[in-house]
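Written out below as structure tokens is the structure these notes cover.
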Ligand SMILES: NC(=O)c1ccc[n+]([C@@H]2O[C@H](COP(=O)([O-])OP(=O)(O)OC[C@H]3O[C@@H](n4cnc5c(N)ncnc54)[C@H](OP(=O)(O)O)[C@@H]3O)[C@@H](O)[C@H]2O)c1
């Protein structure tokens, strides 16, 4: 008769890390699409939001099956945000991170004063961002967790003569994000501002000369690293723009307005 010693109960397997569930608004091209590809490639679940459904579906098809869920939405329709956010949460099984990337920058002539394109820049770059960030802030405060990331720009640091409404929309978004950060920190919610320099994307395809350009993939990588780390709440991408913008911000307005920068 053989006897065997009682077996100690095996220790349970550590639970797998939950995959980050990310909502990218402005996901169909450029930096947004690169973010979606990188996040999906590392196992995250991503809701990809923009107007161009066919681009979103193509993007989802190029990523691991089921990782990317496309949602068609125009950010100027702010009234749709609460219901769409609920749909996104249900589809992803919750939400950890919002990245607001949507933006437009029509080329504006040196002596063009047209309220149409100006209004569109403010609606997409600023008001759309405020609508999404506010709705997600309410959710994250109730959960006492979560990260909100806004893609602003070096363009918000100073009013160049090139495109007044674009600069104003980005300055507004930068300030909005800072204010949101200051009110949300006590609730355990993180707000991160990304200020890219010049990035090779469809937005800049018609721009004559890009200064210190990087690719959309590089911008996306730096953005993800920034919100996952704890070092920066506002980060220039690439970092070389930080000293450059310190100098540009220090220039007196009287001098700045004469420079070709
Ligand atoms: N490229 C640069 O050098 C640079 C530098 C600094 C900051 N940025 C900022 O980075 C962000 C991404 O720009 P990008 O260079 O990647 O440009 P992009 O390739 O033109 O991408 C812009 C994204 O915004 C979305 N979008 C525009 N209008 C929208 C609307 N009404 N509703 C929903 N989505 C809308 C577009 O999607 P649909 O058209 O399909 O809707 C697209 O996915 C922008 O906020 C831009 O201001 C860019």
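Rule-based calculations on the coordinates, nothing more; no lab input. Computed from a predicted structure; not experimentally measured. Cβ coordinates were reconstructed from backbone atoms using ideal geometry, including for glycine residues, and neighbour counts include every protein chain displayed.
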Worksheet, complete the sentence: Taking segment 196-220 and keeping residues more than 7 Å from the ligand (Cβ to nearest atom), under 18 Å from residue 27 (Cα atoms), out of contact with any strand residue (DSSP E or B) (no Cβ under 9 Å at 6 or more places or on another chain) and touching a residue at least 40 places away in the same chain (Cβ under 8 Å) leaves 217, 220
Fill in: Evaluation of residue 55 against (1) in a helix (DSSP H, G or I); (2) more than 9 Å from the ligand (Cβ to nearest atom) (one fails), failing number
(2)
Worksheet entry | In segment 185-195, residue nearest to the ligand (Cβ to nearest atom) [restricted to those that are loosely packed, with under 14 Cβ neighbours inside 10 Å and part of a helix (DSSP H, G or I)] | 185
